[in-house]
Amino acid sequence: MIKHLRSAADLDAETATLILDTAAEMATLAGREVKKLPTLRGRTVVNLFYEDSTRTRISFEAAAKRLSADVINFSAKGSSVSKGESLKDTALTLQAMGADAVVIRHPASGAPHRLASWVDGSVVNAGDGTHEHPTQALLDAYTMRSRLGRLDGLRVAIVGDVLHSRVARSNVLLLSTLGAQVTLVGPPTLIPIDVAAGLSGDASRRGDRLVPGEAAGGPSAPAGSAGGDEPRAVSPAAIAGLSGDASRRGDRLVPGGVAGAAGGGPAVSYDLDSVLPDSDVVMMLRVQSERMQDSYFPSAREYSRRYGLDMRRLRRLPEHAIVMHPGPMNRGMEIAPEVADSPRSTIVEQVANGVSARMAVLYLLLGGK
Amino acid sequence: MTAYVMKGVSLLGAAPRDLVVRDGRIADEPPGAGAEVIDAAGLVALPGLVDLHTHLREPGREDAETVETGSRAAAAGGYTAVCAMANTSPVADTAGVVEQVWRLGREAGLVDVQPIGAVTVGLAGRQLAELGAMATSAAQVRIFSDDGHCVADPRLMRRALEYVKAFDGVIAQHAEEPRLTEGAQMHEGEVSTRLGLTGWPAVAEEAIIARDVLLAEHVGSRLHVCHVSTAGSVEVLRQAKARGVRVTAEVTPHHLLLTDELATSYDPVYKVNPPLRTASDVRALRQALIDGVIDVVATDHAPHAVEDKECEWAYARPGMVGLETALPVVLSVLGEQWELIAERMSRAPARIAGLAGHGGDLAAAGSPATLTLVDPAARRTVDPSDLVSRSRNTPYAGTTLPGRIVATFLRGEPTVLDGKVVR
């Protein structure tokens with residue numbers, strides 16, 4: 001079993017499937033009178049939250065408590081952190097207290113990676129900046145699988161502010177690992193650059209790398225003389241790698257077009273209406289209306305008209321398709337109230353599944369075996 | 001003054017000979033009795049390296065570096081002159097501050113510390129600093145830069161380019177269109193997309209360079225472009241030079257060797273501004289350095305205290321130390337092209353900065369004995385705790401690089417002997 005869950009990319013298909021299967025077992029607990037397992041008795045789980053997120057924190061807290069772990073909630077407000085303590089010093093404090101797992105929510109992308117380098121316990125990413133939110137992706141995958149019976153070959157449209165969405169990144173990575181086909185939909189301003197390569201699980205689809213020992217050309221450059229011992233320790237990924245000439249600037253496609261899926265990376269479309277009839281799942285992302293101040297789109301009204309999911313669009317979906325949203329929703333912006341409340345919506349189910357998925361993660365990371 | 005004879009040294013890769021240093025100069029007569037003998041067999045002599053882009057942090061952040069510790073690091077890296085950037089606290093935007101830095105450099109006495117003056121008051125980009133007063137001060141400032149910030153206002157940039165013509169000054173631009181890099185953390189591309197870090201697009205650099213070469217052409221001024229980092233910038237410069245625009249450009253060692261993939265660790269030791277770019281950018285920069293589209297390798301030595309790097313990526317300060325690893329990195333990239341290395345790391349920067357006593361011809365008797373002895377056969381694995389700099393933020397920890405600086409001489413006086421700073 002892996003030690004940390006920092007990114008959905010930490011999970012291979014086998015591990016991800018094990019987590020989903022375990023989550024299914026955990027879900028059966030919810031129907032019992034005593035919703036508790038003794039598995040993590042005596043273990044300490046710290047919830048280290050640098051952002052307010054009552055939903056996620058409560059979900060992790062419930063998950064840890066149902067496994068009988070001791071839970072310490074450490075929120076940045078009113079703590080040593082608000083007095084200027086660094087993440088590293090906080091990490092060393094938690095280390096000294098013997099935390100077996102630290103669940104971290106943080107506004108800076110990559111904070112869980114940093115934390116994992118300073119503590120011995122497991123680190124679980126509960127959302128870092130605009131990077132990832134892997135347990136959300138797990139609960140989403142769990143929800144899809146329980147509603148539709150499979151993930152392999154499932155067609156999933158993720159719609160909205162992909163650029164700033166940690167939910168989208170984790171979902172693309174996890175769903176690709178599990179064999180689903182993801183299409184990202186949104187205005188071009190909110191689709192990150194080079195997304196097909198960037199979020200491809202297949203490293204060979206990613207860009208050009210320098211070859212180890214690759215020296216500059218020039219007639220008098222003795223190729224071997226300097227290259228022999230060239231940097232190996234810096235990072236194999238950065239200096240070693242593959243050749244091939246990927247162009248630096250975007251793989252953005254024609255409006256309305258769909259491309260990219262072949263190599264494991266997500267496809268991209270700017271036209272929601274054309275994507276809906278071929279989708280088994282449509283996942284709406286929260287779009288902050290403040291984004292229009294940064295000219296990502298002209299107005300909330302225009303956004304909603306082009307990319308919002310209303311009843312008219314809902315009817316374009318196949319009969320069996322489901323509608324998901326990680327919450328909290330902007331009703332009337334990315335999703336119409338009647339869509340959110342329709343029987344196709346899994347929004348409340350996602351919350352319940354969140355506890356089961358997080359129980360599975362804690363159980364497996366902490367060596368429940 | 002002690003005389004020295006360097007036995008069996010190779011000048012820029014030529015056949016071994018003895019090099020005599022007397023009274024601070026290269027001499028063509030025998031050394032005479034009492035001269036100190038340096039066994040220089042297998043060593044290559046280069047004119048002392050000149051860095052156009054060094055952050056010495058004093059005044060203001062003496063916990064990260066001082067003029068003295070930075071001078072020691074420079075000498076250890078084979079440098080005999082460094083140009084100290086203006087983004088100190090207080091900013092080097094007055095004759096008083098540049099004279100202070102200049103004087104501290106003289107007191108340290110290990111390298112010539114040539115202060116760079118700020119272009120605008122407080123680096124704020126609103127009002128010209130007293131460029132003339134800095135030029136006529138004891139520090140005799142010739143390079144002006146708001147480095148760390150771009151002189152983004154086109155009218156102000158035009159005025160600065162024009163104004164410094166009166167004293168043969170040059171504006172060194174940090175090319176970064178600020179509106180395109182708000183909140184930027186790393187190169188914008190597939191890696192930033194994967195890591196969820198706000199992108200710093202190549203075009204933010206290229207657009208400013210394109211504008212500035214046109215402005216410099218229009219007013220007939222000199223422009224120097226700091227730390228060029230993209231293939232697109234190279235193309236803009238290539239065209240401008242072909243047209244005869246008076247533009248020079250520098251590239252850092254790290255942009256010649258490292259790529260944006262390193263950010264995957266989220267370790268801010270790899271965070272730098274401009275950011276590490278892609279492999280194709282690295283290749284274009286290497287070729288441009290060979291072709292002469294890029295004139296100079298400059299370190300952008302940027303020491304930072306531990307707490308400014310041992311933190312979340314977004315909260316870390318950008319920058320890497322570079323003085324002590326610059327020549328080894330360039331050797332690993334270019335190979336033993338000594339003539340080219342001397343041009344890009346000594347002569348060209350000395351010309352741009354107007355440092356007459358540097359970048360001289362070591363084969364000519366009477367030249368200042370300002371030189372560096374390198375052992376090209378040595379290999380060293382970088383250990384941050386071995387660095388002479390006060391800071392440890394090197395991206396090369398654990399990397400084995402070719403070349404070792406054995407000795408550095410400034411006007412006939414050794415500043416480094418046997419790889420150790422003499423004082």
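Here is how the numbers come out for the structure above:
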{"read-out": "Under 16 Å from the Cα of residue B:165 - aspartates and glutamates, other chains or at least 8 residues apart", "value": "B:130, B:212, B:217"}
{"read-out": "Binned Cα-Cα distances of the stretch A:2-75, short to long, each 10 Å bin given as a whole percent", "value": "17, 40, 39, 4"}
{"read-out": "Cross-link partners of residue A:35 among aspartates and glutamates (Cα-Cα below 15 Å; sequence separation of 8 or more within a chain)", "value": "A:25, A:61"}
{"read-out": "Normalised contact order of chain B, rounded percent, pairs of Cα under 8 Å and 6 or more residues apart", "value": "20 percent"}
{"read-out": "Those residues of the stretch B:325-347 for which accessible area with every protein chain present is at least 10 Å² below the isolated value (1.4 Å probe)", "value": "B:332, B:333, B:334, B:335, B:336, B:337"}
{"read-out": "Gaussian network model of chain B, springs between alpha carbon atoms under 10 Å - residue of B:32, B:199, B:220 with greatest fluctuation", "value": "B:32"}
{"read-out": "Among B:219, A:158, B:79 - extreme Cα towards positive end, dipole of the protein assembly as shown, charges at beta-carbon", "value": "A:158"}
{"read-out": "Lysines with Cα under 22 Å of residue A:3, excluding same-chain neighbours fewer than 8 positions away", "value": "A:65, A:88, A:369"}
{"read-out": "Span per principal axis, largest first, for the Cα atoms of the protein assembly as shown (Å)", "value": "99, 58, 50"}
{"read-out": "Cα centroid separation, the stretch B:1-29 to the stretch B:266-341 (Å)", "value": "32 Å"}
{"read-out": "Summed buried accessible surface, chains B and A, 1.4 Å probe, nearest 100 Å²", "value": "4000 Å²"}
{"read-out": "Average accessible surface area per residue within the stretch A:1-140, 1.4 Å rolling probe, Å²", "value": "40 Å²"}
{"read-out": "Ordering of A:341-349, A:164-172, B:13-21 by burial proxy (mean other Cβ atoms within 10 Å per residue, highest first)", "value": "A:164-172, B:13-21, A:341-349"}
{"read-out": "Average projection area in nm² (convex hull over Cα atoms of the stretch A:33-115, one quarter of hull surface)", "value": "5.9 nm²"}
{"read-out": "The protein assembly as shown, dipole about Cα centre (Lys/Arg Cβ +1, Asp/Glu Cβ -1), debye to the nearest 20", "value": "1660 debye"}
{"read-out": "Most to least accessible of B:66, B:94, A:130 (protein chains only, probe 1.4 Å)", "value": "B:94, A:130, B:66"}
{"read-out": "Extension gain, residue B:356 back to residue B:182 (0.36 nm per residue minus Cα-Cα distance, nm)", "value": "58.6 nm"}
{"read-out": "Solvent exposure of chain B as accessible area per residue, Å², 1.4 Å probe", "value": "33 Å²"}
{"read-out": "Debye, to nearest 20: dipole size of chain B, +1 on Lys, Arg Cβ, -1 on Asp, Glu Cβ", "value": "620 debye"}
{"read-out": "By accessible area with a 1.4 Å probe, ligands and nucleic acids excluded, highest first: order of A:144, A:329", "value": "A:329, A:144"}
{"read-out": "22 Å tail of the calculated P(r), the stretch B:125-222, as % of Cα pairs", "value": "37 percent"}
{"read-out": "Computed FRET value (nearest 0.05) for residue A:13 with residue A:68, which takes r as the C-beta separation and R₀ as 30 Å", "value": "0.50"}
{"read-out": "Heavy-atom accessible surface of the stretch B:48-353: percent carbon and sulfur, 1.4 Å", "value": "50 percent"}
{"read-out": "Percent of alpha-carbon pairs separated by more than 31 Å within the stretch B:48-353", "value": "22 percent"}
{"read-out": "Dipole-positive endmost among B:172, B:377, A:9 within the protein assembly as shown (Cβ charges, Cα centre)", "value": "A:9"}
{"read-out": "Where A:307, B:315, A:270 fall by accessible area, highest first, once all protein chains stay in place (1.4 Å)", "value": "B:315, A:270, A:307"}
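The values are calculated or read from the model by the stated rules, or taken from the named source; none is laboratory data. Computed from a predicted model, the values in this text were never measured in an experiment. Note: ideal-geometry Cβ built from the backbone for every residue, glycine included; neighbour counts use all protein chains shown. SASA here: full protein model, heavy atoms, side chains in, ligands and nucleic acids out. Shrake-Rupley method; radii C 1.70, N 1.55, O 1.52, S 1.80 Å.
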